[in-house]
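Scroll down for the structure; my scribbles are underneath it.
Rule-based calculations on the coordinates, nothing more; no lab input. Just so you know, these numbers come straight off a predicted model, no measurement behind them. FYI the Cβ positions are ideal-geometry reconstructions off the backbone, even for glycines, and counts take in every protein chain you see.
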Amino acid sequence: MSTILQQQLITEWGLFTNLEAARREAARCLQCNDAPCQQKCPVGIPVPSVHRAILSGNLRHAAELVRTANPMAHTCGACCPQESLCQSVCVRTTIDHPLDIRGLHRFATDWEWENEPRHPRLPKTKKRRVAIIGSGPAGIGCAIGLGRKAISSDIYEREPEAGGIPAWAIPGDRLPTDIPRRDVLVLNEYPVEIQTRQEIRALQELRKRYDAVFVSVGALEEAEVEITGQDGPGVFGGLEFLRQAKLYPDKMVVRGPVRIIGGGNVAVDCALVASSLGANRISIIYRRSRAELPAWNREVDNAFRKGVDFLFQLQPLAIDREGDLIYRLICRRTTLGLPGEDGRREPIQLPSETISLEAGMVIIAAGQYPQSFEDDMLERDERGNIVVDESCRTRLAKTYAGGDVAARGSTVVEAARSGLIAAHSIAKDIRR
């Protein structure tokens, strides 16, 4: 492989193609005594120790250090937002530039996956059983945390494949499909059973059958927006579009121009997926300014490079059709008022400034909220999140929650951390 191609893989993908390249990067680590990078990591990966192991050529130990701390080691090695976590406090920045911590993390775990044998499943105990609803990062974190304490768990997943959002919603160019599957396959080493295509609509039956229940269903309900004409062909919810594109790409027909409503990571992911499916003239429409855009800068920059347009301070009002075909999206310009509760300035529509945009498909990615249960007795906040304490306990006996459903999972690693916390709480409570 050419030196230029190797450098391109490191720069764009965080991929070190050989041990020599990884060692050079690991050697840049200053081995800080207080390790701010480790403190900034939600699961506390011992970053300097990982780098020492890589530098010495002990990749098995480096990977073990990562996996012990992070139950989503493979997924996080590919897509964890290091720019706002460990890398944001890297002291090396004061000298030249921060280390590619995520890239080194991935190099070690990739090597282990390709070279080390899998471990046998731990025996399933009959004394204690926990039900986990949802197989995303929080659910996997909880199952592994419980398994390490010899507590068995049954995971119920409504989708045909386990893994949650990383498995079926994060685009393949950001997270290759086989990566989240690795984290799911690691569950084979623990006393865990996964049942897919099992949607849990009520909690009480599980609470009767199990010693504890952990709710980690994420925030998968699409937020509604008031747009005339949105009901009908050619209009998708953001997560719905990503799910269809990843699970059934051969059945997806994308008709441009593609107009995406929203400003978060889901909106950007939709744009990148639409581009990969061959769509032309893709634009993200956001009602606030660039400064208020919640999507990660890295993903926004990537979208710009892929030719995605961002149209700021526009409020979509209506979708016009000719039969079943969309041909126009009507928007109104906005100005920004005072900051709201979240610190972002509130958009105010300008009635006299209405514009028309040609459209062939509209994707509404305006946010998500958690689902509720038919017999929902869980306390919720104003956003619908399950209220939990610092130990992920709800106020309902034997019931715990983590990840997005409890506002504990804005990133994969944070969701995984909440699962580990819940596992510790469950183990402590059921052994009393």
Inset, instruction - Give the peptides 190-197, 353-360 in descending order of average Cβ contacts within 10 Å, highest first. - result: 190-197, 353-360
Inset, instruction - Compare the Cα positions of Thr228, Phe310, Thr94 along the charge dipole of the chain (+1 at Cβ of Lys, Arg; -1 at Cβ of Asp, Glu; about the Cα centre) and return the one farthest towards the positive end. - result: Thr94
Legend entry - Residue-averaged 222 nm ellipticity for the chain, from DSSP H runs of 4+ at -39500 (n - 2.57), nearest 500: -9500 deg cm²/dmol
Inset, instruction - Take the cross-link list Lys208/Lys251; Lys149/Lys208; Lys40/Lys428; Lys251/Lys306 and give me the ones stretching past 32 Å between alpha-carbons. - result: Lys208/Lys251
Inset, instruction - Quick one: dipole size for the range 3-115, taken about the Cα centre, charges +1 on Lys/Arg Cβ and -1 on Asp/Glu Cβ, in debye to the nearest 20. - result: 200 debye
Inset, instruction - Could you size up the charge dipole of the range 222-367 around its Cα centre, putting +1 on the beta carbon of Lys and Arg and -1 on that of Asp and Glu, and report it in debye to the nearest 20? - result: 460 debye
Inset, instruction - Would you compute the Debye intensity of the chain from its alpha-carbon atoms alone, equal scatterers and no solvent, and pass along log10 I(q)/I(0) at q = 0.08, 0.14 Å⁻¹ to two decimals? - result: -0.49, -1.34
Inset, instruction - Just order 274-280, 57-63 by mean Cβ neighbour count inside 10 Å, highest at the front, would you? - result: 57-63, 274-280
Legend entry - Length released on extending from Asp96 to Glu20, taking residue separation times 0.36 nm less the Cα-Cα span: 25.3 nm
Legend entry - Computed label-point distance, nm, for sites Val387 and Ala27 using a 7 Å Cα→Cβ extension: 5.7 nm
Inset, instruction - List the relative contact order of the range 285-386 as a percent without decimals, with contacts defined as Cα pairs under 8 Å and 6+ residues apart. - result: 21 percent
Inset, instruction - Subtract the Cα-Cα distance of Asn188 and Asp231 from 0.36 nm times their separation in residues, and report this length gain in nm to one decimal. - result: 11.2 nm
Legend entry - Zone of Arg197's modelled label, taken as backbone nitrogen in the range 128-161 under 14 Å from a point 7 Å along Cα→Cβ: 157-161
Legend entry - Simple Cβ-charge dipole of the chain, Lys/Arg +1 and Asp/Glu -1, about Cα centre, in debye nearest 20: 1320 debye
Inset, instruction - Multiply the residue separation of Ala318 and Asn280 by 0.36 nm, subtract the distance between their alpha-carbon atoms, and state the gained length in nm to one decimal. - result: 11.5 nm
Legend entry - Cysteines not pairable in the chain (beta carbon separation under 4.7 Å absent): Cys29, Cys32, Cys41, Cys79, Cys90, Cys142, Cys270, Cys331, Cys392
Legend entry - 15 Å beta-carbon shell around Lys428, net charge (K/R +1, D/E -1): +3
Inset, instruction - Kindly work out what percent of the DSSP beta bridges joining two residues of the chain are antiparallel, to the nearest 5. - result: 40 percent
Inset, instruction - Excluding Ile285 itself, calculate the net charge of residues whose Cβ lies under 12 Å from the Cβ of Ile285, where each Lys or Arg counts +1 and each Asp or Glu counts -1. - result: +4
Inset, instruction - Step through the residues of the range 212-219 one at a time and calculate ³J(HN,Hα) from phi using the Karplus curve (6.51 cos²θ - 1.76 cosθ + 1.60, θ = phi - 60°), rounding each to whole Hz and writing x for Gly and Pro. - result: 7, 10, 10, 9, 9, 7, x, 10
